[in-house]
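Notes to accompany the following structure.
The values are calculated or read from the model by the stated rules, or taken from the named source; none is laboratory data. On a predicted model such as this, the values are computed, not experimentally measured, just so you know. Note that we place each Cβ from the backbone using ideal geometry, even for glycine, and neighbour counts take in every protein chain shown. Surface accessibility is based on the protein's heavy atoms, side chains included, excluding ligands, DNA and RNA. Shrake-Rupley method; radii C 1.70, N 1.55, O 1.52, S 1.80 Å.
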Amino acid sequence: EELVPQMHDDLYDGLRDEVVEGVEILLARGWEPYRVLTEALVAGMTIVGKDFRDGILFVPEVLLAANAMKAGMGLLKPLLAETGAPKMGKMVIGTVKGDIHDIGKNLVSMMMEGAGFEVVDLGINTDVDRYLGALETEQPDILGMSALLTTTMPYMKIVIDTMAERGIRDDYIVLVGGAPLNEEFGRAIGADAYCRDAAVAVETAKAFIA
Ligand code: B1M
């Protein structure tokens, strides 16, 4: 498959229209939406992430790549959501305070919706008051939190501790995720589970709801 490496290059170069076109072509060739998502888009973003880390790419370039990725995801969203699955439960999700990375969270939201969950997305830079306010008004089964920075992931503990102080910790299933986290961190902050990726988030949510 020649197109996939080409799409990785296009994503790297932040070429929105080309990425969208690549998604369309793969779908037309009969690729499953989830395969397009992981092999063309997520894998491409991993390459961007490496060169960002190594100082080869900078914020403006990565922002373009992120926007190209979002455009590609936009095409996949309705396809991932049209499984007609019965309603499974409700999740409130947000990226934690100080953190503006939202691609992973958006992906989790898309996959959860596709699996039949109702998702209320609080967006980025979510502080504890906003999380707790949404728990009260939305009454979800699950609280999801995302963090992509080692400096913002400790904020998840602040949210969970505050829930505990208010006596509502055990009213919700708390799932956490994001590239710098791991199983041990999830346990240490008192989350119910750490989810490595969006597919694991769906499986974990289903297992807890069942
Ligand atoms: Co940022 N950034 N970034 N960035 N960025 C990282 C995270 C970094 C690892 C890059 C690097 O150095 N290699 C690094 C963090 C280093 C660290 O903390 N140790 C970093 C940095 C340093 C920064 C800035 C500080 C850079 C600067 O300004 N000097 C800055 C911080 C801004 C802020 O948040 N305050 C910054 C800014 C940005 C952009 C704005 C340019 C852009 C974000 C655009 C956007 O999101 N709208 C950006 C991007 C794109 C990245 C990388 C390249 C890609 C992230 C991404 O979208 N991945 C990233 C490198 C990397 O992660 N390797 C990087 C694709 C996505 C599908 O994966 O988000 O991991 P991910 O989500 C996965 C799983 O983690 C999981 O499921 C998802 C799907 O499978 N998951 C969950 C995620 N959330 C979940 C929640 C759940 C469950 C599962 O809840 C139930």
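Miscellaneous remarks
- Total residues in region 111-134 satisfying the condition of being in contact (Cβ under 8 Å) with a residue 12 or more places away in the chain, part of a helix (DSSP H, G or I) and more than 23 Å from Arg35 (Cα to Cα): the figure is 5.
- Residue in region 162-196 that is most open to solvent (accessible area, probe 1.4 Å), counting only those that are more than 24 Å from Arg130 (Cα to Cα) and assigned to a loop (DSSP other than H, G, I, E, B): Arg196
- Any hit, region 165-178, residues being at positive phi and over 15 Å from the mean Cα position of the chain (by Cα): yes
- When we screen Lys105, Lys50 for residues that are touching a residue at least 24 places away in the same chain (Cβ under 8 Å), basic (Lys, Arg) and within 13 Å of the ligand (Cβ to nearest atom), the only hit is Lys105.
- Scoring Asn125 on the criteria (1) open to solvent by 60 Å² or more (accessible area, probe 1.4 Å); (2) at positive phi; (3) at pLDDT below 95 leaves a single failure, condition (3).
- Extreme residue, surrounded by the most Cβ atoms within 10 Å (Cβ to Cβ), among residues of region 197-210 that are of a type in the set (A, V, I, L, M, F, W, C) and closer than 19 Å to Lys105 by Cα: Ala201
- Of all residues in region 18-47, those satisfying the criterion of being closer than 22 Å to Arg196 by Cβ, part of a helix (DSSP H, G or I) and without any contact (Cβ under 8 Å) to a residue 12 or more places away in the chain are Arg35, Thr38, Thr46.
Listed here are the residues, each with its yes/no results for (1) on the phi < 0 side of the Ramachandran plot; (2) under 17 Å from the mean Cα position of the chain (by Cα); (3) at pLDDT below 95; (4) crowded, with 16+ Cβ neighbours inside 10 Å.
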site	(1), (2), (3), (4)
Glu61	yes, no, no, yes
Leu76	yes, yes, yes, yes
Leu80	yes, yes, yes, yes
Val92	yes, yes, no, yes
Met110	yes, yes, yes, yes
Ala115	yes, yes, yes, yes
Leu135	yes, no, no, yes
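- Only residues that are in contact with a Gly (Cβ under 8 Å, 6 or more places away or on another chain) and either open to solvent by 60 Å² or more (accessible area, probe 1.4 Å) or closer than 20 Å to Phe208 by Cα (or both) were counted in region 137-147, giving 6.
- Identity of the residue in region 64-85, hydrophobic (A, V, I, L, M, F, W, C) and without any contact (Cβ under 8 Å) to a residue 40 or more places away in the chain, that ends up farthest from the ligand (Cβ to nearest atom): Ala85
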